[in-house]
Every structure is written in structure tokens, then in C-alpha cells.
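Down below is the structure, laid out as C-alpha cells.
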Amino acid sequence: MSADSSAKSSLHFNRVVLKLSGESLADAGGRGISAHEAGEIARQIKQAHDTGCQIAIVIGGGNILRGAQFSGSNALVHEATAHYMGMLATTINSLAMQDALESHGLQTRVMSAIPTEKIAETFIRRRAIRHLEKGRIVILAAGIGNPFVTTDTAAAQRALELEADVVLKATRVDGVYSDDPEKNPHAVLYDTLTYTQVIEKKLRVMDATAIALCSEHSKPILVFNFKRDGNIVRAISGDMVGTWIGEPKK
Ligand code: UDP
């Protein structure tokens, strides 16, 4: 565990990309979308937005479908097709989150990497930035619009192009552990990690492409537990929460 806990202090982020898994919208261990879970997340995002932070959200689709489920030569659909199906699952979740956020009085735009003009704007970087500057929450649907990657990569990619300060990776555990904390009671929670440590220790934080992108461009990642009430606003405020991954701060 790193001793450099000062890395997370005195930060307040102006613009963030919040990565939510599709499963965060479902009841624990369940599938689909739970109105209660979506409403709880929306309530926490409203708190965070009230601090003045610009928020873009990337939502996964794992509560509905992941393309990798269809890998293998016996699969009914080609794996690439399945990944597009997964991207559409993220769009379903994005639309649900849009209405959940708007029920809290927030202004939102869904911007999709796959043109679906009846339900979402197509993602245009400069337009997304304009929405953020106007205080709208931008929900980024359909990942990056290409198969064989996950929405972790989309979160990293969009954080770079939208010049977000950090990728906030929301999970159901308190951060990054040395082992699966649900199986190993001796697993250690890391306070801070470098990208190299994440790669060398083979820690399951985000997919490898996402880590590589963030590492190459020194984009920090904060992994935190969104199930603890108030943690999204704490993460945005730079409070000590979760595991910070980035260059060691001076
Ligand atoms: N996906 C894709 N390209 C992208 C983003 C997502 O092909 O840019 C597909 C991929 O099959 C992925 C699925 O959409 O498994 C759902 O996203 P993800 O697995 O990231 O969802 P999460 O695990 O975050 O719920």
C-alpha cells in the first residue's frame, strides 16, 4: 500500500467523467434496471452537480448484455454483432438515467457514439463540451461506437477528449484491493497506485485499454464505492475516498 495519501487531498474537480457499470442500475446480483437504484444514483449525482462540477457519465450495459458472452465458434451471433448489441444496451441504460436525472431537476443530454437521432444527439466533442459548460449533464451512450472494447475504454477516451480532470470509476467496493475482498478477508485496500503498479500487479481496475490510455496521457482514475451515500460528491470534492491511480503527486 502506498504511503502517499496526500495525493488525494486539496483537489476539487471542475470536470469529471463518471463511469457507472450497467449493473449499478440493477438490484444487487440482478439484471435489468431498478427504478430504486437508478433513482438513488441520480440523487447522488444531483448532490455532486450542485457543487458546480461539470459531469459527463459513461454507463455500461452489463445488466443487459456484454458482447463477450457471445464469443466462441458456436455462438448464434457473430461476436462483433454482440458488441454492437452491448452498445445498444448502454443506450437503454443512458435513456433510463436521463429521465432519472431529469426527475431531480437536472438538465441532461444523451450523446451517442452510434447515431440514433430519434433518441439522442450524436456525440460531437465540441458540442459535448458546450453542454457541460452550460451545466448540462452529458450522458455518453454506445461506448466509443466500435466493438471489442468496453465502456471502461469509452470513459478513458472521453475523459481525454473532453479534458476531464479525472475518471471516476464507481464500484460496489471501497476501491482497489490486492485480491477479491468478497473472497479473501485478508485483501488489502490500496490508497494510491501508479499505473505501472496496476499493470504489474494485474489488478482488476478497468480494462487494459483504458489503463493504457490513462497511463499514456497521465489521466488519473479514482476508484470508489458509490453505494456509500454521499461518496460521489466526496469523490468530486477530492475527499479521501477510494483508490487514487495516477502519477505520484509532488
Ligand atoms: N461495447 C463495445 N464498445 C464500446 C463499449 C461497449 O463493443 O465502446 C459493448 C461490449 O460488448 C461491452 C458491452 O457493450 O461488453 C457493455 O458494456 P460494458 O461491458 O462496458 O458494461 P459494464 O460492464 O460497464 O456494465
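The values are calculated or read from the model by the stated rules, or taken from the named source; none is laboratory data. These numbers were taken from a predicted model, which means no experiment stands behind them. Reconstructed Cβ throughout: ideal geometry from the backbone, glycine too, with neighbour counts over all protein chains shown. Ligands, DNA and RNA are excluded from the accessible area calculation, which covers all protein heavy atoms including side chains. Shrake-Rupley method; radii C 1.70, N 1.55, O 1.52, S 1.80 Å.
Things worth noting here:
- Within region 130-154, if we keep just the residues that are aliphatic (A, V, I, L, M) and closer than 21 Å to ASP99 by Cα, the residue that is farthest from the ligand (Cβ to nearest atom) turns out to be LEU132.
- Count - residues of region 240-250 that are surrounded by fewer than 22 Cβ atoms within 10 Å (Cβ to Cβ) and touching a residue at least 40 places away in the same chain (Cβ under 8 Å): 5
- Identity of the residue in region 217-248, in contact with a Phe, Trp or Tyr (Cβ under 9 Å, 6 or more places away or on another chain) and of a type in the set (D, E, K, R), that ends up farthest from ALA156 (Cα to Cα): ARG234
- Listed conditions (1) touching a strand residue (DSSP E or B) at 6+ places or on another chain (Cβ under 9 Å); (2) more than 26 Å from THR171 (Cβ to Cβ) are all met by ILE57, apart from (2).
- Taken over region 91-124, the criterion of being over 18 Å from the mean Cα position of the chain (by Cα), within 16 Å of the ligand (Cβ to nearest atom) and open to solvent by less than 30 Å² (accessible area, probe 1.4 Å) is satisfied by ALA120 alone.
- Filtering region 179-196 to residues that are polar (S, T, N, Q) and either near the ligand (Cβ under 10 Å from one of its atoms) or free of Cβ contacts under 8 Å to residues at least 24 places away in the same chain (or both) leaves ASN184, THR196.
- Near pairs, Cβ below 8 angstrom, 6+ apart or cross-chain, from region 210-231 (under 15 Å from ILE199 (Cα atoms)) to any residue that is open to solvent by 50 Å² or more (accessible area, probe 1.4 Å) and part of a loop (DSSP other than H, G, I, E, B): ALA210/THR150; SER218/GLU247; PRO220/ASP165; PRO220/GLU247
Yes/no per residue for (1) touching a Ser or Thr at 6+ places or on another chain (Cβ under 7 Å); (2) among the small types (Gly, Ala, Ser); (3) assigned to a strand (DSSP E or B):
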residue: SER94; (1), (2), (3): no, yes, no
residue: GLN98; (1), (2), (3): yes, no, no
residue: HIS104; (1), (2), (3): no, no, no
residue: VAL110; (1), (2), (3): yes, no, yes
residue: LYS118; (1), (2), (3): no, no, no
residue: ARG130; (1), (2), (3): no, no, no
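- Identity of the residue in region 57-83, in a helix (DSSP H, G or I) and more than 7 Å from the ligand (Cβ to nearest atom), that ends up least open to solvent (accessible area, probe 1.4 Å): ALA80
- Residue check, LYS249 over 24 Å from GLU37 (Cβ atoms), of a type outside the set (Ser, Thr, Tyr) and modelled with pLDDT under 95: yes
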